[in-house]
1. Identify all residues within segment 1-54 that are among the small types (Gly, Ala, Ser) and either surrounded by fewer than 22 Cβ atoms within 10 Å (Cβ to Cβ) or in a helix (DSSP H, G or I) (or both); write none if there are none.
2. Out of all the residues in segment 82-101, which are more than 11 Å from the chain's Cα centre (by Cα) and within 19 Å of Ala140 (Cβ to Cβ)?
3. Have a look at Arg54, Arg92, Arg78 and point out the one that is farther than 24 Å from Glu128 by Cβ, out of contact with any Asp or Glu (no Cβ under 7 Å at 6 or more places or on another chain) and either among the small types (Gly, Ala, Ser) or at pLDDT 85 or above (or both).
4. Yes or no: segment 115-124 includes at least one residue that is surrounded by 15 or more Cβ atoms within 10 Å (Cβ to Cβ), in a helix (DSSP H, G or I) and either in contact with a Ser or Thr (Cβ under 7 Å, 6 or more places away or on another chain) or modelled with pLDDT under 90 (or both).
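The values are calculated or read from the model by the stated rules, or taken from the named source; none is laboratory data. Computed from a prediction, not measured in an experiment: that's the story for all the values here. Ideal geometry is used to build each Cβ from the backbone, glycine not excepted, and the neighbour counts take in all protein chains shown.
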Amino acid sequence: MPVLPLHRVRDHLTFKNYSENRADYLAFIAQGWHLVMFGTPLFDGIIYGGQDGRLVLHTIETPTIGNAPIFAPLDKDRSELLDMIASHYQPRSDKELAGFVVAEIKVLTNLTAASSIDKLASATLLQEIPTSRLKERFRAKLEAYLPAADQSPERQPNRLPDMLDSKPTSCL
């Protein structure tokens, strides 16, 4: 499964009339779930986060032939994953979604402030969040949600969205 250009993921999400910030938050969440479910990144690029909760998705421009960009197709699995995540967060306000992502960014970034002079500077720094750490974080969320071997799972359609924020970040 080829990795998508980040702009294809953003285009899919902004087509649903989401703001750029909301599309980036949803792309961040989708990247984590895609890593766990398929073992590969959903989109190319680097995710940066700061202890202040800032999220920056960075990618190199898409190669072009003439004036036409080269697009990787948005296949059924990835389209369904993005739609499922977007649907789950549809009723949530931008503030609630931002709060969830900020909490995750804070867990995923380990900026250290060695002295009081460095504290202000480190709060504004961005740190790359490696895909391995993002995958590990979302795998922990999945494992925290799955029923124990001796319990029978409840029968519910689309169980994945229900676990996205079922456990506070401190519990994982």
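1. Restricting attention to segment 1-54, the residues satisfying the condition of being among the small types (Gly, Ala, Ser) are 19, 23, 27, 30, 32, 39, 45, 49-50, 53.
Of everything in segment 1-54, those that are among the small types (Gly, Ala, Ser) and either surrounded by fewer than 22 Cβ atoms within 10 Å (Cβ to Cβ) or in a helix (DSSP H, G or I) (or both) turn out to be Ser19, Ala23, Ala27, Ala30, Gly32, Gly39, Gly45, Gly50, Gly53.
2. Kept after step one, since they are more than 11 Å from the chain's Cα centre (by Cα), are these residues of segment 82-101: 83-84, 86-99.
His88, the sole residue that qualifies.
3. Just one listed residue meets the conditions, Arg92.
4. Yes, segment 115-124 contains at least one residue that is surrounded by 15 or more Cβ atoms within 10 Å (Cβ to Cβ), in a helix (DSSP H, G or I) and either in contact with a Ser or Thr (Cβ under 7 Å, 6 or more places away or on another chain) or modelled with pLDDT under 90 (or both).
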